[in-house]
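Participant: A single structure is presented below for examination.
The values are calculated or read from the model by the stated rules, or taken from the named source; none is laboratory data. Keep in mind the model is a prediction, meaning the values are calculated, not measured. For neighbour counting, all protein chains shown are included, and Cβ atoms are generated from backbone atoms with ideal geometry for every residue, glycine included.
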Amino acid sequence: MREDRVTVIVIGSDSEEVAKVSIESVFIDLRDLRSKDMLQEADVYLLDTEHCLEHLATQIQQEGNPLGYIYGENGETIGSVFNQCMSELVSGRWFVVMESGMLMTPGCIAGLLRAAKQEENTAIVNPVSNAMFRINRECGMTASDYREAVFYAMQKKEDTTIHHLINIGMGMALIDKQIITQLGGFDESLSHMAGIFLDLSIRCLIARKDMVSTDGAVSFGMEPDRLLEETFDDRYPEDIARLRDKWKMHYFNLYPNPYLADMIMEEKNAAIHVLEVGCDLGATLFLIRDRYPNAAIYGYEINENAVRIAENYMWAKSGNIEDKDLKLPKESLDYIIFGDVLEHLRDPLATLCYVREFLKPQGKIIASIPNLMHISVMSQLLRGDFTYTEAGLLDKTHIHFFTYREMHRMLDQAGFRLLDEKFTVFPIQEDEAKLIDQLMMLDAGAERFMYEVFQFLILAERTG
């Protein structure tokens, strides 16, 4: 399999203008590579999923750019098309998949290839991107326009830093054909890139194949908010139904919570021991181990199917923490994390008292806790409503509720001393701000922030 050839597949949308700019960015990067003798051969293809971009492909070809044009037959899934591309079009070891609307900056392909060759076990490489920043800061940057992204790329062009990921970032990825072939190719029952990448991420995790992002490759998303507009479930219901059945899971949490990881206080080379209760697939623990290479990570999760996946790449056990059956040595942990977990427990105070035994004398807990006193809930109560929802402050699975003062009382009673607290605050409506003014007049005991904070993030140390 040729190591000096790369194939780029641009997945076209229904917008000729957007697809054209994406393709042009690829040819600009390739010309730059060839001028520096950094790449011998490359192939570029436009994959037209809507059968509406053939005229654009012809136009680009007439401009002197060797662009191939491919499309799926009626009823053919993108998983099937990708397998055909791997078999018939990708002659080298690596190929890049990028969505229309993503732009390469000069040096992007070189940076992706450099990262892919750093570790033999690497299956996927993502560039850093503004399109990913709000989902995963480790593979994101904050450029507001393409020119700013190019400037950022120039600063990072020799950077070899890589971050190990638990999932493939959307938008653009370099893929090792050799490893993906070993994994059995792409799932041909899936029709959208989001589903393809989610499924491939899980298979890479189980097979212990690495997915990384590299600071030395930069891409720019023309529509970065598009990835956040709707949930995967809403956008691709057929694919999510197939994946739920395939992996026996109701939802897939493959993005870490960086704010939990930010609360860790140790030096980067510290050999810390971290347990996360309710770890799901271990995304946040994965991030912690990437930041702290000497860390030992442990996951405890009630969902057995999630544990069957997570135990392939970390210590993970299935169980209900309220059953008090944690199989770890006493006083062995530096941190225990509860990310949106305590509100799901029958007796969170008893749980904190129990896990305290597993912390070292100065061990700490990190927790994110929703605030029941938020003005959105208070306004409901004043109308006589307390309506549960699928997610949010009144998630239907919440069975315990906290205010700022109740949270503090629980920590004190459980034998913890608060070291740090941060607040998640979202913009509130004008009528909500006026309601807070009125509530403040009713009782001087409450402070304004208690109505404005959506979620508490706390770091507390074991006492005694």
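Participant: May I ask you to say which residue of LEU381, LEU333 is at pLDDT below 95 and of a type in the set (A, V, I, L, M, F, W, C)? Spell out how you get there, then give the answer.
Facilitator: On the way: LEU333 fails: at pLDDT below 95.
Answer to the selection: LEU381.
Participant: Determine whether segment 82-91 contains at least one residue that is at pLDDT 90 or above, touching a helix residue (DSSP H, G or I) at 6+ places or on another chain (Cβ under 6 Å) and not hydrophobic (A, V, I, L, M, F, W, C).
Facilitator: no
Participant: Cβ-Cβ under 7 Å, sequence separation 6+ or interchain: first residue in segment 375-388 and within 20 Å of MET440 (Cα to Cα), partner of a type outside the set (D, E, K, R) and part of a loop (DSSP other than H, G, I, E, B). Which pairs?
Facilitator: Between residues of segment 375-388 that are within 20 Å of MET440 (Cα to Cα) and residues that are of a type outside the set (D, E, K, R) and part of a loop (DSSP other than H, G, I, E, B), the close pairs are ILE375/ILE428; SER376/LEU393; VAL377/LEU393; VAL377/LEU394; GLN380/PHE386; GLN380/THR387.
Participant: Could you check, for segment 259-273, whether at least one of its residues is outside the structural domain of VAL212 (by TED's automatic domain parsing), closer than 18 Å to ASN303 by Cα and of a type in the set (A, V, I, L, M)?
Facilitator: The answer is no; no qualifying residue exists.
Participant: Being over 26 Å from ILE179 (Cα atoms), among the hydroxyl-bearing types (Ser, Thr, Tyr) and touching a residue at least 24 places away in the same chain (Cβ under 8 Å), is that true of even one residue in segment 19-30?
Facilitator: Yes, there is a match, as at least one residue in segment 19-30 is over 26 Å from ILE179 (Cα atoms), among the hydroxyl-bearing types (Ser, Thr, Tyr) and touching a residue at least 24 places away in the same chain (Cβ under 8 Å).
Participant: For ASN253, state whether it is under 19 Å from SER368 (Cβ atoms), of a type in the set (S, T, N, Q) and modelled with pLDDT under 95.
Facilitator: Criteria met by ASN253.
Participant: Looking at (1) in contact (Cβ under 8 Å) with a residue 40 or more places away in the chain; (2) over 14 Å from LEU281 (Cβ atoms), which is the only condition GLY339 fails?
Facilitator: So the condition that GLY339 fails would be (2).
Participant: Restricting segment 61-102 to residues that are under 23 Å from ASN126 (Cα atoms) and among the aromatic types (Phe, Trp, Tyr), which is surrounded by the fewest Cβ atoms within 10 Å (Cβ to Cβ)?
Facilitator: Step by step, filter segment 61-102, then rank; the result is TRP94.
Participant: Is it the case that some residue within segment 184-197 is more than 26 Å from GLY12 (Cβ to Cβ) and assigned by TED's automatic domain parsing to the domain that holds ALA110?
Facilitator: yes
Participant: Mind listing just one residue for me: the one in segment 184-206 that is without any contact (Cβ under 8 Å) to a residue 60 or more places away in the chain and more than 15 Å from VAL97 (Cα to Cα) and, of those, surrounded by the fewest Cβ atoms within 10 Å (Cβ to Cβ)?
Facilitator: GLY184
Participant: Which of the residues that make up segment 280-301 are hydrophobic (A, V, I, L, M, F, W, C) and more than 14 Å from the chain's Cα centre (by Cα)?
Facilitator: Answer for segment 280-301, where residues must be hydrophobic (A, V, I, L, M, F, W, C) and more than 14 Å from the chain's Cα centre (by Cα): ALA295, ALA296, ILE297.
Participant: Within segment 43-77, which residues are touching a Ser or Thr at 6+ places or on another chain (Cβ under 6 Å) and among the β-branched types (Val, Ile, Thr)?
Facilitator: THR77
Participant: To continue, here is another question. Could you tell me whether SER201 is part of a helix (DSSP H, G or I) and of a type in the set (Ser, Thr, Tyr)? Walk me through it before giving the result.
Facilitator: On the way: part of a helix (DSSP H, G or I): yes; of a type in the set (Ser, Thr, Tyr): yes.
When the stated conditions are applied, SER201 passes them.
Participant: Same structure again: Quick one: is LEU174 in contact (Cβ under 8 Å) with a residue 60 or more places away in the chain, within 15 Å of ARG244 (Cα to Cα) and over 12 Å from the mean Cα position of the chain (by Cα)?
Facilitator: Spelling it out, it is not the case that LEU174 is in contact (Cβ under 8 Å) with a residue 60 or more places away in the chain, within 15 Å of ARG244 (Cα to Cα) and over 12 Å from the mean Cα position of the chain (by Cα).
Participant: Taking segment 405-454 as the region of interest, how many residues are in a helix (DSSP H, G or I), in contact with a strand residue (DSSP E or B) (Cβ under 8 Å, 6 or more places away or on another chain) and within 17 Å of LEU393 (Cα to Cα)? If you could, list the steps in order and put the result at the bottom.
Facilitator: Step one: of segment 405-454, the residues in a helix (DSSP H, G or I) are 405-414, 430-442, 449-452.
Add one more test, that the residue is in contact with a strand residue (DSSP E or B) (Cβ under 8 Å, 6 or more places away or on another chain), and what stays is 407-408, 411, 449, 452.
From the residues that got through so far, the ones that are within 17 Å of LEU393 (Cα to Cα) too are 407, 449, 452.
Residues that pass the stated criteria total 3.
Participant: What number of residues within segment 282-341 satisfy the criterion of being within 19 Å of PRO258 (Cβ to Cβ) and among the β-branched types (Val, Ile, Thr)?
Facilitator: Residues in segment 282-341 being within 19 Å of PRO258 (Cβ to Cβ) and among the β-branched types (Val, Ile, Thr): 6 in total.
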